[in-house]
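Structure record follows, encoded as structure tokens.
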Amino acid sequence: MKAERPRAARYHFIASVSVTDLDSGHQSQESTWNLSLYGCQVMPGNSVRTGTRVRIHIVHNGEAFEALGMVANVRPLMGIGILFTKVEDHHQQVLDRWLAALRNKKSQAH
């Protein structure tokens, strides 16, 4: 079986995130582990199952990002992978700024 490759570069990104299960309304406060154009990894994230529809709210450096998403995977000790399914334009701009800063930081480190 071939391992699935990420669709976009993932960047190490630690920030506070609120994850809301859209079916049950259960909300938890977690931390992101990494971030990409299409989603993020959240730790610990043990309270949801693959396929769960969620709303996430991330606050970082005074800016907020919100998206609807779906839990794509649940991995012990690695948290949950959330695929963004709907991102409003103004939140996409926030995400784009964060990713640009992470790319610049990574290129300066090399």
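The values are calculated or read from the model by the stated rules, or taken from the named source; none is laboratory data. Just so you know, these numbers come straight off a predicted model, no measurement behind them. Quick reminder, even Gly has a Cβ in these numbers, built from the backbone with ideal geometry, and neighbours come from all protein chains shown.
A few notes on this one:
- Of 72, 100, 67, all but one fail to be touching a helix residue (DSSP H, G or I) at 6+ places or on another chain (Cβ under 7 Å) and either closer than 13 Å to residue 10 by Cβ or among the aliphatic types (A, V, I, L, M) (or both); the exception is 67.
- All of 66, 88 fail the test of being touching a His at 6+ places or on another chain (Cβ under 9 Å) and charged (D, E, K, R), apart from 66.
- Test: residue in region 48-63 that is of a type in the set (Asp, Glu), surrounded by fewer than 17 Cβ atoms within 10 Å (Cβ to Cβ) and in a loop (DSSP other than H, G, I, E, B): no
- Some residue of region 64-78 being loosely packed, with under 15 Cβ neighbours inside 10 Å, modelled with pLDDT of 95 or more, of a type in the set (Lys, Arg) and not in a loop (DSSP other than H, G, I, E, B): no
- Of the candidates 34, 73, the single residue that is within 9 Å of the chain's Cα centre (by Cα) and not hydroxyl-bearing (Ser, Thr, Tyr) is 34.
- Selection status of residue 58, β-branched (Val, Ile, Thr) and touching a residue at least 60 places away in the same chain (Cβ under 8 Å): no
- Only one entry in 41, 29 is within 28 Å of residue 105 (Cα to Cα) and surrounded by fewer than 16 Cβ atoms within 10 Å (Cβ to Cβ), namely 29.
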